[in-house]
Amino acid sequence: MSLADTMRTALRDRMVLGALTVDVDTAVGVSVHPDHGADAATLLQRADVATHAAKAVSSSIQLFHASLEARSVRRLGLANDLRRALDGAELEVYFQPKVALADRRLVGVECLARWDHAVYGSVTPEDFVAVAEHTGQVGRLTEFVLREGLRRVREWADRDRPLSIAVNLSPRTLLDPGFPSRLGELLAGYGVAPDRLTLEFSEAGVVTDPDRPLPTLYRLRDLGVRLSVDDFGSGYSSLAYLRRLPVQEVKVDRTFVQGMATDAGDLAIVRAIVDLSRHFGLSVVAEGVESELTLGLLAEIGCDVGQGFLFSRPLPYERLDAWFAAQTETVSTPTGEVRWLRAVP
């Protein structure tokens, strides 16, 4: 491990290639003979598995262990299962409420895919989204979530319950030039106004090469849908980065929101994100709202919308309908009747 750290440090030195100066970062996977294999092929394969895991740890160095391979093999086995699940409509979309903090009015929901596997039980989104991205099925997965979400928006509108939905996009989708056209067809097919849909993409998904997804982002903006930077603050946030993107919303990373009631640093970060967003005319959503104290702080600093377990966990459609009926009451306003949250439990 010490050798791996030394090699990684050496590789991080600036490299000069002609007129270019290049900064390089690395992830290192380590396997050891004879503990992790008796031949070169096995050792290399297991070092490769460890390298993928290294990308998710703070040190960027990972020693191989058996559970890493078990997870890798499991994901490989999930690839065909995911294809069958999409074909057979075995996946389900859950909905998590989004609440305006000024008056605790329900303004929309985030659509989240869930998969209850016949053998493995509940498969985490982290696992099956990774499988979808690596096997080229992420487009089908995204379309499945969009269709289900838009269908529900149409149903709610027909029942005089105008709600918006938010759907996550993978970095691969942002590089798909055909996606905006397909999305336009879906919106027209379900008769849903584009501004009822917010598309969320992670900060990390575009920061490494922000120029590549820009054409797709501008086409989506021109289509009329709302665009949101998810997990804002967790990566390489900067004024220049935020200014270049055609977005209308930022979503504060849950780690800062969950810590802001007890950590002055987290509170300062959330406050700075809210102030920055207001400067650019963007709305702010805080995810991970889990306490009344956090809710009060967010409202005090001017955050627009909250989402988290304090309001509700992600719910299947039938339970969302019951939650909506139980937690809201009709209030007359100058623009008509709306349903507001009675109280947050």
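For the peptides 279-287, 295-303, 8-16, residues were scored by their other Cβ atoms within 10 Å and the scores averaged per peptide; the highest-first order is 279-287, 295-303, 8-16. A Förster distance of 25 Å, applied to the separation of the beta-carbon atoms of THR124 and THR21, puts the FRET efficiency at 0.05.
In plain terms, the chain from ARG172 to ALA326 could stretch by 51.5 nm, reckoned as 0.36 nm per residue minus the Cα-Cα distance.
Shape annotation for the range 145-225: C-alpha extents along the principal axes are 43, 21, 18 Å, from largest to smallest. Note on ARG114 and GLU292: the extension gain reaches 61.3 nm, defined as 0.36 nm multiplied by sequence separation minus the Cα-Cα distance.
Karplus-based coupling profile of the range 148-159, in residue order and whole Hz: 5, x, 5, 4, 6, 4, 5, 5, 5, 4, 5, 9, with θ = phi - 60° in 6.51 cos²θ - 1.76 cosθ + 1.60 and x standing for Gly or Pro.
Please report the net charge: other residues with Cβ closer than 9 Å to the Cβ of SER164, K and R +1, D and E -1.
Details: positive: LYS98, ARG196, ARG226; negative: ASP195.
After counting each charged neighbour, the total is +2.
Across the range 40-48, computed HN-Hα scalar couplings (Karplus, 6.51 cos²θ - 1.76 cosθ + 1.60, θ = phi - 60°) run 4, 4, 5, 5, 5, 4, 6, 5, 5 Hz from first to last residue, x flagging Gly and Pro. The HN-Hα couplings worked out from phi for the range 14-28 by the Karplus form 6.51 cos²θ - 1.76 cosθ + 1.60 (θ = phi - 60°) are 5, 10, 9, 10, x, 8, 9, 10, 10, 9, 10, 10, 9, 10, 10 Hz, whole numbers, x standing for Gly and Pro.
Computed per residue of the chain from DSSP H runs no shorter than four, each worth -39500 (n - 2.57), the mean residue ellipticity at 222 nm is -14000 deg cm²/dmol. Here the ratio of the Cα radius of gyration of the range 128-277 to 2.2 N^0.38 Å is 1.11.
With K and R counted +1 and D and E -1, the other residues having a Cβ less than 9 Å from that of ASP230 yield a net charge of -4. Rg/Rh for the chain (Cα atoms only, Rh after Kirkwood) is 1.00.
Ranking of THR198, THR124 by solvent-accessible surface, largest first: THR124, THR198 (1.4 Å probe, protein heavy atoms only, all chains present). Annotation for ALA56 and ARG14: the two label points, set 7 Å from Cα along the Cα-Cβ direction, are 3.5 nm apart.
The values are calculated or read from the model by the stated rules, or taken from the named source; none is laboratory data. In this text the structure is predicted, and so the values were computed from the model without any measurement. Note that we place each Cβ from the backbone using ideal geometry, even for glycine, and neighbour counts take in every protein chain shown. These accessible areas exclude ligands, DNA and RNA; they are computed on the full protein's heavy atoms, side chains included. Shrake-Rupley method; radii C 1.70, N 1.55, O 1.52, S 1.80 Å.
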